[in-house]
Amino acid sequence: MSKRNTRSSLPDPSVDLPIASISVDERGAMHVTYDGHEFPPSTPDTEWSRGRFGDLLDALSAHRTRTLRVEVHEYDGSVFTDIIHATRSERIEDEVPLPSATRRARHRTTHQLIEIRGSGFIPGEDVTIALMLSSAEGAADGTARAVVDLSHIAGQNAELLLIGRISGVIVVERLQS
């Protein structure tokens with residue numbers, strides 16, 4: 001009786017993601033390869049630059065329809081790596097009737113949404129959204145201390161901040177109660 005090798009019949013568990021390698025020079029111009037092949041801009045006589053980073057990510061990921069690994073090699077020697085995930089497009093069937101409002105849905109509290117916008121950010125950079133409740137002054141030794149009253153969240157003292165992770169841009173907007 002012979003033993004069957006079940007290990008060889010299993011599928012290969014490795015993931016094969018396309019790799020985009022981006023080298024940035026001191027001017028901010030970028031040389032891009034996609035899976036080892038040159039990836040020039042679609043417009044002739046132009047170059048990829050930091051200002052067009054969002055356009056570059058859209059072009060590499062086919063407008064977020066495919067997942068890829070991105071490696072950014074800065075001129076100072078630092079390297080940043082990220083995975084750009086494909087987004088799922090949700091299809092809504094035309095024939096499906098909208099459900100009627102249930103009693104629970106009619107009595108549910110509605111969300112109050114606000115939008116905050118700012119400019120000066122680098123296209124494609126991560127922007128942190130923070131809620132500022134109050135501020136504190138730095139001490140002579142470089143430390144700061146704050147005591148937060150959570151009732152201020154609904155008050156007029158709260159502010160929203162957009163903070164650019166790369167550009168350092170900070171946009172502040174006071175919340176209206």
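Since every read-out is calculated from the coordinates, none of them should be taken as a lab result. In this text, all values refer to a predicted model and were calculated from it rather than measured experimentally. Backbone-built Cβ (ideal geometry, glycine too); neighbour counts: all protein chains shown.
Things worth noting here:
- At 1.567 mPa s and 4 °C, Stokes diffusion of region 19-84 via Kirkwood alpha-carbon radius, µm² per second: 108
- Computed from the Cβ-Cβ distance with R0 of 22 Å, the FRET efficiency linking H73 to T128 stands at 0.35.
- Ranked by the mean number of other Cβ atoms within 10 Å per residue, highest first, peptides 34-45, 116-127 order as 116-127, 34-45.
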